[in-house]
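The values are calculated or read from the model by the stated rules, or taken from the named source; none is laboratory data. The shown structure was predicted, so the numbers you read here are calculated from the model rather than taken from an experiment. Positions of Cβ are generated from backbone atoms using ideal geometry, with glycine treated the same way; all protein chains shown enter the neighbour counts. The protein model used for the area step is the full one, side chains on, heavy atoms only, and it has no ligands, DNA or RNA in it. Shrake-Rupley method; radii C 1.70, N 1.55, O 1.52, S 1.80 Å.
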Amino acid sequence: MAHDLNLTLIADGQADGQWQSSNDGLTQLANAVGDNLAVDFTAGNVTLTAAQFRSALRFTPTGLAANRSLTIAAVKRPFFLVDNTDATYSITVTKGSTTIAVAPGYIGFLNTDGTTNSLTGAVFKRGVAAAESYDFAMPYFAGQPTSSQILARIPIVTAITIPANMVGSVGFTPAANPTASFAMDVQDDGGSIGTVTISTGGAYSFATTSGTAKAVAAGSLITVVAPVTPDATVDGIQFGIKATET
């Protein structure tokens, strides 16, 4: 019987020592679903053998003195953990040409189907629940804005964080492009926190003030304001801003 954990099995017709084969196989299975393997990076990057990769559910580093790579074996594992307990250095999990970085203080919930480049999963901060998405959108604005016109007022009902430069935000092609870059001011209770700009080709770009993430309190009002100098041609503005609950 073929399987990916390579467990010790009782052979057909085996009589003597059957209990030994059975116990060995159960021990291997228990390790694969519940054991931890400390991976020593003292000498540099590490490549796990198939036996090592099968031997544990959770892999934790020791001896990290720099960012290191952990290459996994060509074995199917529907679920395994890379728990970076280090406070300073990252571990890059590698399978063929696919990599997933696990930053210091983060844990990777990963899987592979054993093929050359198969590696997927998610990485979360240790001890912190995954943040819920709280995306919000500017309603469609038709026509040409006037000078400093308020284009949208969006109430925020829970505390959120807008990532640096609004990464993940999207804009929708205007009905008519502006004749020059059209920069809208995004304000949190009247204070500017960033800009959304439409190019003459209709492409949107997003920026936060100082390029940093912005915390927005529950009950705040996000306002989108047109530039002081109105544009004579832009028409049909709409975009969505990526955010997460704080």
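Taking the conditions exactly as written (polar (S, T, N, Q) and under 30 Å from ASP86 (Cα atoms)), does ASN117 satisfy them or not?
Criteria met by ASN117.
Of all residues in region 158-174, which are surrounded by 14 or more Cβ atoms within 10 Å (Cβ to Cβ) and either under 17 Å from GLY143 (Cα atoms) or without any contact (Cβ under 8 Å) to a residue 12 or more places away in the chain (or both)?
Scanning region 158-174 gives GLY171, PHE172, PRO174.
Looking only at region 219-234, decide whether some residue is farther than 15 Å from ALA175 by Cβ, within 29 Å of the chain's Cα centre (by Cα), of a type in the set (Gly, Ala, Ser) and open to solvent by 20 Å² or more (accessible area, probe 1.4 Å). Can you show your working first?
We begin by selecting, within region 219-234, every residue farther than 15 Å from ALA175 by Cβ; these are 219-230.
Narrowing further to those that are within 29 Å of the chain's Cα centre (by Cα): 219-224.
Then keep just the ones that are of a type in the set (Gly, Ala, Ser); that gives 219-220.
With the extra rule that they be open to solvent by 20 Å² or more (accessible area, probe 1.4 Å), the set shrinks to 219.
The answer is yes; a qualifying residue exists.
Please go through (1) free of Cβ contacts under 8 Å to residues at least 60 places away in the same chain; (2) closer than 24 Å to LYS242 by Cβ; (3) open to solvent by less than 70 Å² (accessible area, probe 1.4 Å) for SER133 and return the number of the only condition it doesn't satisfy.
With (1) free of Cβ contacts under 8 Å to residues at least 60 places away in the same chain; (2) closer than 24 Å to LYS242 by Cβ; (3) open to solvent by less than 70 Å² (accessible area, probe 1.4 Å) applied to SER133, the lone miss is (1).
Regarding region 81-91, can at least one residue be identified that is among the aromatic types (Phe, Trp, Tyr) and either touching a Ser or Thr at 6+ places or on another chain (Cβ under 7 Å) or crowded, with 16+ Cβ neighbours inside 10 Å (or both)? Before the answer, list the steps.
So the first thing to find is which residues in region 81-91 are among the aromatic types (Phe, Trp, Tyr), and the list is 89.
Now drop any that are not either touching a Ser or Thr at 6+ places or on another chain (Cβ under 7 Å) or crowded, with 16+ Cβ neighbours inside 10 Å (or both), which leaves none.
No; the residues of region 81-91 include none that is among the aromatic types (Phe, Trp, Tyr) and either touching a Ser or Thr at 6+ places or on another chain (Cβ under 7 Å) or crowded, with 16+ Cβ neighbours inside 10 Å (or both).
Matching residues to (1) touching a Pro at 6+ places or on another chain (Cβ under 6 Å); (2) part of a loop (DSSP other than H, G, I, E, B); (3) β-branched (Val, Ile, Thr):
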{"position": "GLY114", "(1), (2), (3)": "no, yes, no"}
{"position": "ALA122", "(1), (2), (3)": "no, no, no"}
{"position": "GLY127", "(1), (2), (3)": "no, yes, no"}
{"position": "TYR140", "(1), (2), (3)": "no, no, no"}
{"position": "THR146", "(1), (2), (3)": "yes, yes, yes"}
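What number goes with the only condition from (1) of a type in the set (D, E, K, R); (2) part of a strand (DSSP E or B); (3) under 16 Å from ASN36 (Cα atoms) that ARG153 does not pass?
(3)
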